[in-house]
Every structure is written in C-alpha cells, then in structure tokens.
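Everything on this sheet refers to the single structure shown next.
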Amino acid sequence: QVQLVESGGGLVQPGGSLRLSCTASGIFVRFYAMGWYRQVPGKERELVAVINRDGSTNYADSVKGRFTISRDNAKNTAYLQMNSLKPNDTAVYSCNARTNFQQYWGQGTQVTVSS
C-alpha cells in the first residue's frame, strides 16, 4: 500500500518560513517525479514545484526564489522549503508522486500565512 504523508504545515507570519515534508511508504521517491501542489477553496489546484527523477527542478513563477524543493532518497522523503512567505501562499499543500503510468497523492497539510 502506497502512502504519502505530509507534515510541517501550520500558521506563520508574513516573511516567515516553513518546511514541508512528504514521507513515502510503498514506493521509492527516487523513481518518481515528486511534486508539491496547493489549493485554496474555489480555485484550481496549482503546481508549486517539482523535482524530477534526474534531480532537475521546476517552480511556479509565483514562488521562484522563495521556495526550494529537494529530496532525500535515504529518508524516502521530499521537502519543500518555503521562505519569505506571503498571505497569498495560504493554501492546502499536497504532495504528489508521479510516473508516466501512475501517481499518488498525500492527504494535504494546511499552510496559513497571517499576522
């Protein structure tokens, strides 16, 4: 059974930082493109960042220079380091593991940026 478990969300003030973790069981993250998505009520889910199997990364324009995605194969975990957080970064952040043939989702973790 495949599980992706996110952690690290919470309430942070504008300008603050959080690190999200996505720990996988049942798969090896090094064989998947690992992505972080976010969604707010009433809006479509958007891709925030992805780290591909070869280690290359892509980011949404809105988070470039502020967020960093990484992967620790030994811990079977993907991370999203979020710095200089803004109120419009508030969303439910979900982890995704994807190949050409299958994909898996975590349950999501709430990130709220507010003073």
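The values are calculated or read from the model by the stated rules, or taken from the named source; none is laboratory data. It should be emphasised that the depicted structure is a prediction, and the values quoted were computed from it without experimental measurement. All Cβ positions, glycine included, derive from the backbone under ideal geometry; neighbour counts span all protein chains shown. Side chains are part of the model used for accessible areas, which takes the heavy atoms of the whole protein and leaves out ligands, DNA and RNA. Shrake-Rupley method; radii C 1.70, N 1.55, O 1.52, S 1.80 Å.
In Å², what does the accessible area per residue of segment 1-102 work out to with a 1.4 Å probe?
54
In whole Hz, with x marking every Gly and Pro, tabulate ³J(HN,Hα) for segment 29-43 from phi via Karplus 6.51 cos²θ - 1.76 cosθ + 1.60, θ = phi - 60°.
These are the phi-based 3J(HN,Hα) values: 4, 5, 9, 10, 7, 9, x, 10, 10, 9, 8, 10, x, x, 10 Hz.
Normalising by the residue count of the chain, find the relative contact order in percent from Cα pairs under 8 Å and 6+ residues apart.
37
Can you grab the distance from the C-alpha centre of segment 79-99 to the C-alpha centre of segment 1-57, Å, no decimals?
Centre-to-centre distance over Cα atoms comes out at 6 Å.
At 1.4 Å probe size, put Val40, Val12 in order of accessible surface, largest to smallest.
Val40, Val12
What does the accessible area of Lys64 come to, in Å² to the nearest 10, when a probe of 1.4 Å is used?
The accessible area of Lys64 comes to roughly 120 Å².
To the nearest 0.05, how large is the calculated FRET efficiency for Thr57 and Arg19 if R₀ is 22 Å and r is the Cβ-Cβ distance?
0.90
By DSSP, what percent of the beta bridges with both residues in the chain are antiparallel, rounded to the nearest 5?
95
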